[in-house]
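Data block below; observations after.
The values are calculated or read from the model by the stated rules, or taken from the named source; none is laboratory data. Quick caveat: nothing in here was measured; it's all calculated off a predicted structure. Note that each Cβ is placed from the backbone with ideal geometry, even for glycine, and that neighbours are counted across all protein chains shown. Side chains included, ligands, DNA and RNA excluded: accessible areas come from the protein's heavy atoms. Shrake-Rupley method; radii C 1.70, N 1.55, O 1.52, S 1.80 Å.
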Amino acid sequence: MEEKLIERLESAVARLESLAAGFRPGAPPEIGGDAAALDPSIVAFDELISQCVGRISSVAEKIGGQVLDVTKVLAEAFAVQKELLVKVKQTQKPGMEGLAEFLKPLNEVIMKANAMTEGSRSDFFNHLKAATDSLTALAWIAYTGKDCGMSMPIAHVEESWQMAEFYNNKVLVEYRSKDQNHVEWAKALKELYVPGLRDYVKSNYPLGPVWSTTAKTTVSAPPKAPSSGVPAPPPPPPASLFSSESPQSSSSRPKEGMAAVFQEINSGKPVTSGLRKVTDDMKTKNRTDKTSVVGASEKGRVSAPAFSRSGPPKLELQMGRKWVVENQIGRKNLVIDDCDAKQSVYIFGCKDSVLQIQGKVNNITVDKSTKMGIVFTDVVAAFEIVNCNSVEVQCQGSAPTISVDNTAGCQLYLSKNSLKATITTAKSSEINVLVPGAKPDSDWGEHALPQQFVHVYKDGQFLTTPASHSGG
């Protein structure tokens with residue numbers, strides 16, 4: 001007992017000595033490793049890990065398998081973020097190349113998580129995607145200012161979770177009557193980010209990480225290898241985050257989400273080199289000619305494109321009235337956020353992508369797309385799905401009419417404001433509509449729309465009713 005007490009006293013004295021050694025009269029003290037660990041923001045992050053990450057990890061232990069594996073990677077990512085937060089307090093703000101080197105440990109963990117979602121789909125694919133996509137929220141630490149091409153930290157965390165929530169809701173729906181451990185895992189994952197990480201960033205870093213101004217330590221890019229007498233062959237051109245061509249072969253799989261962003265950062269090129277400032281005269285409401293085309297890629301919020309056989313990918317506003325989204329493949333972070341109620345959105349030939357429409361538009365049409373996810377706020381006229389396969393749609397606001405035509409596999413997530421929507425179907429199958437529960441913490445209710453009908457000739461006309469099936 002006495003030996004343990006002496007050890008604790010010696011440890012406390014050592015910390016005090018390290019603090020005293022870093023103090024210089026007339027100047028702010030340099031923050032050492034122990035001092036940084038005792039900083040209130042670091043202590044708060046420790047509490048976030050202990051409570052929220054600890055909760056989801058304990059539930060994952062009960063589930064096991066791939067769910068436990070991806071949860072361990074998630075916990076590793078949060079541990080890496082803590083190390084980076086400590087280094088921020090000990091390091092001067094780096095340049096763009098130095099920032100890439102600084103973020104490398106976080107990049108490696110995110111790439112590890114992305115690798116778990118590749119290959120053949122497992123029974124826990126939704127768990128893997130929800131956890132993997134949620135890790136993009138940790139990239140808020142890369143925010144360096146309004147010109148860096150990112151949303152502000154709080155908004156970035158919220159937007160990243162919206163992408164992951166698409167798959168997290170599927171876990172809730174699939175297991176609500178099967179296994180409550182999976183339901184608890186999904187709820188714990190959401191609370192980790194909203195309100196967990198969001199409130200942490202709001203309280204401690206609303207304007208981004210605060211780098212040290214007095215530290216002597218700087219982060220720089222790794223030195224280049226010395227050149228030898230024999231010149232090396234030229235390297236292949238790096239994939240640009242903002243280019244319209246892909247250097248990858250058609251058989252290779254493009255990087256998705258923040259993985260593509262970190263790949264661009266690691267290339268050593270300035271991340272904001274391809275961004276253009278949107279001036280007032282370029283905004284839709286201020287244009288007089290209404291003939292220019294504004295590409296959403298100018299905002300720097302989409303990843304490296306992949307080509308389809310139909311043509312190059314498009315995400316642009318045409319004639320000031322119609323957003324065109326075409327031939328997008330494997331793009332999980334497509335965003336349209338500069339829209340109004342007079343504009344329409346037309347989505348064609350997209351595959352394995354997710355599009356967010358942030359704002360009210362007049363009409364949305366999805367045509368000939370496969371494994372496409374659309375999250376929208378409000379539509380004035382109608383939301384139409386035509387000639388599609390495996391489409392998932394989430395309405396966060398209101399939609400008077402939803403039309404599904406010649407489509408196989410459609411999941412509709414309605415908000416409370418869109419429950420009065422008229423849903424019309426024709427030549428379609430496997431259509432499920434999910435509605436929110438009566439209470440905020442209630443599970444979603446799933447309703448399968450009929451695809452078989454019985455026609456009976458009676459009193460000079462045919463009467464049509466949905467076919468009902470009863471098990472014996």
#### Entry: Rounded FRET efficiency, nearest 0.05, which uses the C-beta distance separating residue 456 from residue 58 and R0 of 51 Å
0.35
### Task
Measure off 7 Å from each Cα along the Cα-to-Cβ vector at residue 419 and residue 341, then give the distance between these two points in nanometres to one decimal.
2.4 nm
### Query
Under a 1.4 Å probe, what is the accessible area of segment 318-397 per residue, stated in Å²?
33 Å²
### Message
Could you tell me the relative contact order of segment 381-425? Use alpha-carbon pairs under 8 Å, at least six residues apart, and round to a whole percent.
### Response
43 percent
### Per residue convex hull volume, Cα atoms of segment 323-386, in Å³
61 Å³
#### Entry: Extended-chain gain in nm, criterion 0.36 nm per residue less alpha-carbon gap, residue 51 and residue 177
42.7 nm
### Query
So if R0 is 35 Å, what FRET efficiency would residue 467 and residue 387 give, r being the distance between their Cβ atoms, rounded to the nearest 0.05?
0.90
### Task
Please give the residues of segment 85-102, grouped as numeric ranges, whose backbone N is less than 19 Å from a label point set 7 Å along the Cα-to-Cβ vector of residue 147.
93-100
## Note on the structure
In nanometres, the difference between 0.36 nm per residue of separation and the alpha-carbon distance of residue 435 and residue 207 is 78.4 nm
### Kirkwood Rh in Å, taken over all unlike Cα pairs in segment 314-472
16.7 Å
### Message
A 29 angstrom limit on the alpha carbon distance is what I want to check against. Which of 112/332; 190/416; 178/360; 202/420; 187/322 exceed it?
### Response
178/360; 202/420; 187/322
### Query
Where a ≥ b ≥ c are the square roots of the eigenvalues of the C-alpha gyration tensor, would you call segment 427-472 rounded, which needs a/c under 1.5, or, failing that, prolate if a/b is larger than b/c, or oblate?
prolate
### Message
Suppose a student asked you for the relative contact order of segment 120-172, using Cα pairs under 8 Å spaced at least 6 residues apart; what percent would you report?
### Response
48 percent
### Query
Rounded, prolate or oblate: which one fits segment 55-200, using the alpha carbon gyration tensor with axes a ≥ b ≥ c (rounded when a/c is under 1.5, else prolate when a/b beats b/c, else oblate)?
prolate
### Task
Compute the convex hull volume of the Cα atoms of segment 135-214, divide it by the residue count, and report the result per residue in Å³ as a whole number.
84 Å³
